[in-house]
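The values are calculated or read from the model by the stated rules, or taken from the named source; none is laboratory data. Owing to the predicted nature of the structure, the values given are computational and were not obtained by experimental measurement. Cβ: placed from backbone, ideal geometry, glycine included. Neighbour counts: every protein chain shown. The accessibility values were calculated without ligands, DNA or RNA, using every heavy atom of the protein model including side chains. Shrake-Rupley method; radii C 1.70, N 1.55, O 1.52, S 1.80 Å.
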Amino acid sequence: MILKLQNIYKDYQQDKLVVPVLKDICLTVDEGEYVAIMGPSGSGKTTLMNIVGCLDKPTSGVYELAGEDVLKLKDKELSDLRLRSIGFVFQSFHLMPRESAAENVSLPLSYAGVRKKERKIRAAKALERVGLGERINFKPTQLSGGQKQRVAIARAMVNNPKILLADEPTGALDSKSGEQIMELFHTLNEEGVTIVMITHDPKIAANAKRVIRIIDGVIYEGDGEAAQS
């Protein structure tokens with residue numbers, strides 16, 4: 001088991017009002033799984049993704065990632081865990097516009113203290129892996145939307161994280177580019193990469209091997225009852 005959420009609640013305070021967003025979330029993901037979490041806008045899926053990605057903390061509950069009790073970690077320890085264990089792919093790519101594809105992919109390695117020569121080698125290999133080996137010196141303005149997302153995926157994978165988190169990874173792409181990104185995710189998963197993907201699109205969710213629905217802060221496996229721990 002790579003990821004375990006148990007009895008996760010998340011509330012937000014609005015003036016004197018407590019607004020519940022996540023309600024008793026229980027979820028496990030095994031190493032090598034490909035899971036889609038699907039829900040409409042306002043369902044709590046982005047809040048759940050932020051907690052899984054160690055970008056936010058729940059109000060209460062238990063979260064274990066790769067055997068570590070996440071909620072007991074201090075800020076520096078959380079940053080280190082994110083860097084070595086989680087790769088992020090976002091809808092809007094988040095690429096540095098003035099940096100080349102290789103330089104964008106190298107960023108996590110720079111934060112990890114990897115030497116420049118090694119960064120170049122690993123960034124080139126990561127771009128080769130996503131089919132952009134001939135585009136290493138291209139800047140984002142010279143790339144299509146699908147190619148930008150491939151650079152983002154290479155960046156997410158360059159540290160060999162334990163889990164790849166993708167938040168609406170095809171949301172900014174046309175249908176053909178979206179299909180190509182889903183083919184790439186399939187290939188990565190076949191290679192052993194654990195993927196958790198957030199989406200509102202049933203067609204995109206269908207690419208995963210397991211689909212979880214979230215509605216009003218409660219998760220459901222498939223079309224059945226609320227998920228149990």
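For q values of 0.10, 0.15, 0.22 Å⁻¹, compute log₁₀ I(q)/I(0) with the Debye formula on a Cα-only model of segment 103-229, without solvent.
Debye output, listed in q order: -0.37, -0.75, -1.30.
Computed from these coordinates, which is Cα extents along the principal axes in Å: (1) 77, 32, 32; (2) 50, 39, 36; (3) 60, 38, 26?
Correct label, based on the coordinates given: (2).
Keeping all protein chains in place and using 1.4 angstrom, which order do GLU179, GLU33 fall into by accessible surface area, from largest down?
Listed by decreasing accessible area, they come as GLU179, GLU33.
On a full-extension model of 0.36 nm per residue, what is the gain between ASP201 and LEU71, subtracting their alpha-carbon distance, rounded to one decimal in nm?
Taking 0.36 nm per residue and subtracting the Cα distance, the gain is 43.7 nm.
Take the alpha-carbon positions of segment 88-176, form their convex hull, and give its projected area averaged over all directions (one quarter of the hull surface) in nm².
Orientation-averaged projected area of the Cα hull: 5.5 nm².
Heads up, I need the accessible area for GLU77: 1.4 angstrom probe, whole protein in place, Å², nearest 10.
Probe radius 1.4 Å; accessible area of GLU77 about 90 Å².
Measuring from label point to label point, each 7 Å out along Cα→Cβ, what is the HIS94 to ASN160 span in nm?
In this crude label model, HIS94 to ASN160 measures out at 2.3 nm.
What is the ratio of the Cα radius of gyration of segment 26-65 to 2.2 N^0.38 Å, with N the residue count, to two decimals?
1.23
Could you give the nm distance between label points at TYR111 and TYR220, where each point is 7 Å from its Cα heading toward the beta carbon?
Distance between the two pseudo-spin positions: 3.6 nm.
Which aspartates and glutamates, on any chain, are close to LYS72 with Cα under 18 Å apart, when same-chain ones fewer than 8 places away are left out?
Partners within reach: ASP56, GLU64, ASP80.
Using a probe radius of 1.4 Å on heavy atoms only, what accessible surface per residue do you get for the chain? Whole Å² is fine.
Heavy-atom accessible area per residue stands at 52 Å².
Which lysines, if any, have their Cα less than 18 Å from the Cα of LYS203, not counting same-chain residues under 8 positions apart?
Candidates past the 8-residue exclusion: LYS45, LYS176.
What number in nm² do you get for segment 1-73 if you take the convex hull of its Cα atoms and divide its surface by four?
So the mean shadow area of the Cα hull is 5.3 nm².
Please give, to one decimal in nm, the separation of the simple spin-label points placed at MET1 and LEU83, each 7 Å out from Cα toward the Cβ.
The two pseudo-label positions are separated by 2.9 nm.
List the chymotrypsin sites (Phe, Trp or Tyr not before Pro) in segment 136-229 that DSSP assigns to loop (not H, G, I, E or B) and whose Cβ has at most 15 other Cβ atoms within 10 Å. Which are they?
none
Where in the chain is the longest stretch that carries no trypsin sites (Lys or Arg not before Pro) classed as loop by DSSP and with at most 10 other Cβ atoms within 10 Å?
In the chain, the maximal stretch lacking such sites is 116-229.
Can you tell me which lysines have their Cα less than 23 Å from the Cα of LYS76? Leave out same-chain residues fewer than eight positions away.
Leaving aside lysines fewer than 8 places away in the same chain, those within reach of LYS76 are LYS4, LYS10, LYS57, LYS162.
What number, rounded to the nearest 500 deg cm²/dmol, is the helix-based mean residue ellipticity at 222 nm of the chain, given -39500 (n - 2.57) per DSSP H run of at least four residues and division by all its residues?
Value at 222 nm, helices only, nearest 500: -10000 deg cm²/dmol.
At a Förster distance of 22 Å, what's the computed FRET efficiency of LYS57 paired with LYS16, Cβ-Cβ distance as r, to 0.05?
E(calc), rounded to 0.05, equals 0.50.
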